[in-house]
Structure formats: C-alpha cells, structure tokens
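Here the structure comes first, spelled out in structure tokens, and everything after it is commentary.
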Amino acid sequence: MLENEQVTSQKRVSRPPFTQVFPKGWRRIRELSIKNSGAAGLYAFFAEHIDFSCGAVVCDQQFLADQMMVTTRTIHNWLKFLEQEQAILRIPVSGRVYAYALDPYEVWKGFKEKQPYAAFLTKTLTNKNGEIQRRLQTMFSKKDDENQTDLE
C-alpha cells in the first residue's frame, strides 16, 4: 500500500465531520421551507444527525418531539408531510422506533463510495410484503434523470 493510500485509509476510519448537501438537496430544503417550515426543520434535523454509514437516523417520535420542542402529534404530521413529499423514507425497526432515511443524492454524511449502501438506496431493507421496496422503486423511477445531472 502506498503512503498516500495509508493516510487516506486512516482518515476514512473516523466519521466525516461534515454533511454534504447537493444541489438537489438545496432545492428540497427551499421547497420544504415554503410548503411547511416545521417539516423543513425536521428534515434539517435528520440531515444533521444521519449516520454516515447508511444515511439514516433511528429514533422514536417522542425523542423527535423532545428535540424539536413540539408534541408527538406535530411530529407525526411533519413526518407524514415529508413522506408525501418523498423527502424521507420511514422504515419500521421495532415498536415505535423507525429508521428515517434521506436520499443520499440530496444530503449525505460520509464518503462517496458508501452512497450505494445508503438505507434509501439499498435493496436489503424490505418487509415481508415488499411495500418499502415498491416505495423505493417509485421514488427512484421518478428521479433517475435528475440524480444523474445532480451528481455530475
């Protein structure tokens, strides 16, 4: 292994100290801010706290309500809005705990080679009846052309 490769490898072991927002993500933030400022704030909270290895945040609605200083009913409404806007993907984990995934072509906290393994893109996060997989396919079939131009 070359010396530069060793240094790069060592740097990548630790978590990146930044969140990348791509042009598509900035458009999303502007649109959400106009349509529902509270939901835009929740989207920004997810962007700030996403896990760098999979592009998701795992928590329950009470935690989100406490962090955003609102009721769980408000969080529920904001989450519903963000799902309708296809800004997040909510994946059941256990009971009232969900993984909230963001589109890695909008917001990403990690190294580029990890993007194909993001919760939003992976084909391994699917439930028994395939609902999550169908939602992923629908979201990306609408956005494939846009994704290509945003990343170039």
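The values are calculated or read from the model by the stated rules, or taken from the named source; none is laboratory data. Please read all numbers here as calculations on a predicted model, not as lab measurements. Here the Cβ is made from the backbone with ideal geometry for all residues, glycine too, and neighbour counts use every protein chain on show.
Remarks
- Annotation: Arg12 fulfils all but one of (1) under 18 Å from Gly55 (Cβ atoms); (2) modelled with pLDDT of 95 or more; the unmet one is (2).
- Qualifying residue in the range 50-73 (condition: at pLDDT below 85, at positive phi and touching a Lys or Arg at 6+ places or on another chain (Cβ under 8 Å)): yes
- Counting only strands (runs of 3 or more DSSP E) that sit completely within the range 10-109, those holding 1 or more residues that are touching a residue at least 12 places away in the same chain (Cβ under 8 Å) and small (Gly, Ala, Ser) correspond to 56-60, 97-102.
- Among the residues listed as Lys114, Lys123, the single one being at pLDDT below 85, assigned to a loop (DSSP other than H, G, I, E, B) and among the charged types (D, E, K, R): Lys123
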